[in-house]
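**Student:** Please see the structure below; I have some questions.
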Amino acid sequence: MKILTNIFELNKAINNHSNLGFVPTMGGLHNGHISLIKISKNRCSKTLVSIYVNPNQFNNKKDFAKYPRNIKNDFKILYKLKVDYLFIPKTSEIYKKKRNKKIKLNKNDKIMCGKYRKGHFEGVLDIMDRFLRIIKAKYIFMGEKDYQQLYLIKNYIKKKYKSVVINCPTIRDKNKLALSSRNFLLSKKEHYNAGLISKFLIKFKISFSRKKNKNYSLLIQIKNLLEEKFRIRIEYLEFRNTSDLKISNFKKKYKLFIAYYINNIRLIDNF
Ligand code: AMP
């Protein structure tokens with residue numbers, strides 16, 4: 001594995017690859033990331049993984065400070081997977097130019113995490129734009145776990161770059177909790193409860209989708225029930241279309257989206 005820390009080295013290494021797969025990450029690697037890397041390795045002749053915890057996409061400084069980092073373990077995982085390139089830049093390398101103020105969310109996109117995490121997706125689109133200017137990937141592999149992120153990046157990239165974003169399925173642990181670097185911050189009990197919440201919502205989505213009369217008031221009841229039973233604070237619990245993320249009227253394919261705080265840790269998922 002070639003480790004690249006600056007743009008000069010990166011250019012030299014990947015310039016000639018016409019079938020490059022790119023897996024952007026913030027490290028704290030787990031089986032979710034590993035599945036993306038394996039999909040890339042299957043589909044592309046070379047795979048580049050980036051590890052960069054982008055300060056500009058954190059709307060909360062404390063959240064940035066406590067974001068789980070485990071670079072030693074990340075290296076181990078990437079060597080084992082025989083990844084071709086690891087790009088691990090410093091902030092000074094990435095932010096030679098100031099933040100791109102032109103990147104703004106449309107009103108329609110200020111929903112879910114776009115509504116509750118002010119500036120988050122602007123930071124995400126900005127960093128992806130910086131990466132894609134220097135990484136001419138054929139495919140970019142991203143997880144459906146972060147569905148709104150994937151949706152926004154896909155739409156942004158489509159208009160500006162040749163790279164194609166590929167949706168990858170959400171990987172869950174044996175308790176059905178979606179893997180996330182943030183799970184490392186959970187206590188054993190919180191981890192267990194988060195699994196119960198996932199299991200509950202998976203079942204709920206299935207039973208709801210079978211109902212003839214789909215009633216939104218049920219969703220409010222479910223929200224209250226979960227908040228009370230597990231002592232969590234739910235930021236949003238919404239049925240939205242997968243194609244345009246509009247509130248679902250159940251005529252198109254839809255998913256159930258959730259963001260909640262368990263203790264002070266914010267988790268998101270969709271079913
Ligand atoms: P992150 O390191 O959290 O920024 O995530 C990097 C990439 O891994 C993103 O495309 C995520 O959607 C994806 N990812 C994170 N968790 C999972 C998961 N449990 N299953 C599949 N993909 C995931």
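We did not get these values from a lab; they are worked out from the coordinates using the rules stated. Predicted, not measured: the structure shown is a model, and the values here were computed from it. Here Cβ is always computed from backbone atoms with ideal geometry, including for glycine, and neighbour counts include all displayed protein chains.
**Student:** Based on alpha-carbon centroids, what's the gap between segment 234-271 and segment 74-122 in Å, whole number please?
**Tutor:** Computed from Cα coordinates, the inter-centre distance equals 21 Å.
**Student:** List, in order, the whole-Hz ³J(HN,Hα) value for each residue of segment 41-54 obtained from phi through the Karplus relation with A = 6.51, B = -1.76, C = 1.60 and θ = phi - 60°; use x for Gly and Pro.
**Tutor:** Those phi angles translate into 5, 6, 9, 10, 7, 9, 10, 10, 10, 10, 10, 7, 8, 7 Hz.
**Student:** Once you put a point 7 Å from the Cα of Ile220 and another 7 Å from the Cα of Asn264, both along the Cβ direction, what distance in nm separates them?
**Tutor:** For Ile220 paired with Asn264, the spin-label model returns 3.2 nm.
**Student:** Amide H of Tyr254 versus every other amide H placed in the peptide plane: which residues, excluding those fewer than 5 positions away on the same chain, fall under 5 Å?
**Tutor:** Sorted by chain and number, the residues that satisfy this are Thr242.
**Student:** Let me ask you something else. What does the extension gain come out to for Lys174 and Asn11, with contour length at 0.36 nm per residue minus their alpha carbon separation? Please report the intermediate quantities before stating the final value.
**Tutor:** Numbers: separation 163, 0.36 × 163 = 58.68 nm, distance 4.06 nm.
That works out to 54.6 nm of additional length.
**Student:** Separate question: Taking a ≥ b ≥ c as the square roots of the eigenvalues of the Cα gyration tensor of segment 181-270, is the shape rounded (a/c under 1.5), prolate (a/b larger than b/c) or oblate? Walk me through the numbers on the way to the answer.
**Tutor:** Values: a/c = 2.22, a/b = 1.75, b/c = 1.27.
Verdict is prolate for segment 181-270.
**Student:** Still on this structure: Note down the magnitude of the dipole of segment 181-270 about its Cα centre, charges +1 on Lys and Arg C-beta and -1 on Asp and Glu C-beta and zero elsewhere, to the nearest 20 debye. All intermediate terms of the calculation are to be shown ahead of the outcome.
**Tutor:** On the way: 21 positive and 7 negative charges, 92 e Å.
Charge dipole, segment 181-270, about its Cα centre: 440 debye, nearest 20.
**Student:** Taking the Cβ of each residue in His30, His191 as the centre, tally the other Cβ atoms inside 10 Å and list the residues starting with the fewest.
**Tutor:** Details: His30 20, His191 16.
Fewest-to-most ranking of His30, His191: His191, His30.
**Student:** I've got another one for you. Between segment 146-208 and segment 9-73, how many Å separate their Cα centres?
**Tutor:** A separation of 17 Å, based on Cα centres.
**Student:** Could you list which residues have their amide H under 5 Å from that of Ile171, counting only those 5 or more apart in sequence or on another chain, with H placed in the peptide plane?
**Tutor:** Leu179
**Student:** Next question. Could you put Tyr261, Tyr156, Tyr147 in order, starting from the residue whose Cβ has the fewest other Cβ atoms within 10 Å? Show your work: numbers first, answer last.
**Tutor:** Values: Tyr261 13, Tyr156 18, Tyr147 22.
By the 10 Å Cβ count, ascending, the order reads Tyr261, Tyr156, Tyr147.
**Student:** Label Lys212 and Ser243 with points 7 Å out from Cα along Cα→Cβ: what is the distance between them in nm?
**Tutor:** Once both label points are built, they end up 2.6 nm from each other.
**Student:** Using the basic label-point model (7 angstrom from Cα toward the beta carbon), what is the Asn106 to Lys66 distance in nanometres?
**Tutor:** Reported label-point gap for Asn106 and Lys66 is 3.6 nm.
**Student:** At a Förster distance of 51 Å, what's the computed FRET efficiency of Asn73 paired with Lys251, Cβ-Cβ distance as r, to 0.05? Provide the component values of the computation, followed by the final result.
**Tutor:** Values: r = 45 Å, r/R0 = 0.89.
With R0 = 51 Å, the Cβ-Cβ based efficiency is 0.70.
**Student:** For segment 224-239, just list the computed ³J(HN,Hα) in residue order, Karplus coefficients 6.51, -1.76 and 1.60, θ = phi - 60°, integers in Hz, with x standing in for Gly and Pro.
**Tutor:** My calculation for segment 224-239 gives 4, 4, 5, 4, 6, 5, 10, 6, 10, 10, 8, 7, 8, 9, 9, 8 Hz in order.
**Student:** Okay, next question. Using modelled amide H (1.01 Å from N, peptide plane; none on Pro or chain starts), what sits under 5 Å from the amide H of Ser50, excluding residues fewer than 5 places away?
**Tutor:** Excluding prolines and chain starts, which carry no amide H, the hits are Val23, Thr25, Phe87.
**Student:** Say the cut-off is 32 Å between C-alpha atoms; which of Lys41/Lys61; Lys41/Lys115; Lys76/Lys107; Lys159/Lys253 go over it?
**Tutor:** Values: Lys41/Lys61 35 Å; Lys41/Lys115 35 Å; Lys76/Lys107 42 Å; Lys159/Lys253 24 Å.
Where the Cα-Cα span goes over 32 Å, the pairs concerned are Lys41/Lys61; Lys41/Lys115; Lys76/Lys107.
**Student:** Among the listed pairs Lys138/Lys158; Lys118/Lys154; Lys199/Lys246, give every one whose C-alpha distance is greater than 23 Å. Please list the in-between numbers first.
**Tutor:** Numbers: Lys138/Lys158 12 Å; Lys118/Lys154 20 Å; Lys199/Lys246 25 Å.
With Cα atoms farther than 23 Å apart: Lys199/Lys246.
**Student:** Still on this model: Rounded to a whole number, what is D in µm²/s for the chain from Stokes-Einstein with the Kirkwood radius over alpha-carbon pairs (25 °C, 0.890 mPa s)? Can you show the working numbers first?
**Tutor:** Numbers: Rh = 19.7 Å.
Using the Kirkwood radius from Cα pairs, D works out to 125 µm²/s.
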